[in-house]
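Let me begin by presenting the structure, written as structure tokens, before commenting on it.
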């Protein structure tokens, strides 16, 4: 049961990280609300859209901050499976590659901390206080997140795929209901 929960959490964390990094954009498209007859001018970002982007960037940054914890739990899980005689070689190789890439990306991650701390153009609640400064902040943060993604080199997706393949090759036995 613990292994199943851990795999679900592991996959969820990896998926959130991959989707968060993959879905980040600096320029977005806004649709006019049903009560808003005038759409914003083409290419202009509203404060609301800037706040949404900043929120996504902060969530991605937080997930990336849990990488070491994720690696530790995944390693522990694979060690446990290996002790039970399961073949974990592919998943272990993918985890090792992910770990190495994460070490390289850690220094880039650290350089993004001042952006988060200063949150120039935003208040402490993530609301825009200065549109121009906020745009500059999300551009800078987007560049840092892209650098991290590039440094990881797709190892997160490879690890996710390896863990999925491991689970498919080693399904959990069906539990019989207790009377």
How would you rank 148, 50, going from fewest to most other Cβ atoms within 10 Å of each one's own Cβ?
-> 50, 148
Can you give the convex hull volume per residue for the Cα atoms of region 65-179, as a whole number of Å³?
-> 153 Å³
How much length, in nm to one decimal, is gained on full extension between residue 104 and residue 161, taken as 0.36 nm per residue of separation minus their Cα-Cα distance?
-> 18.4 nm
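Read-outs: derived from the displayed coordinates by stated rules, not from any lab. Just so we're clear, the structure is a prediction, and the values are computed from it rather than from any experiment. With ideal geometry, Cβ positions are generated from the backbone for all residues, glycine too; neighbour counts draw on all protein chains shown.
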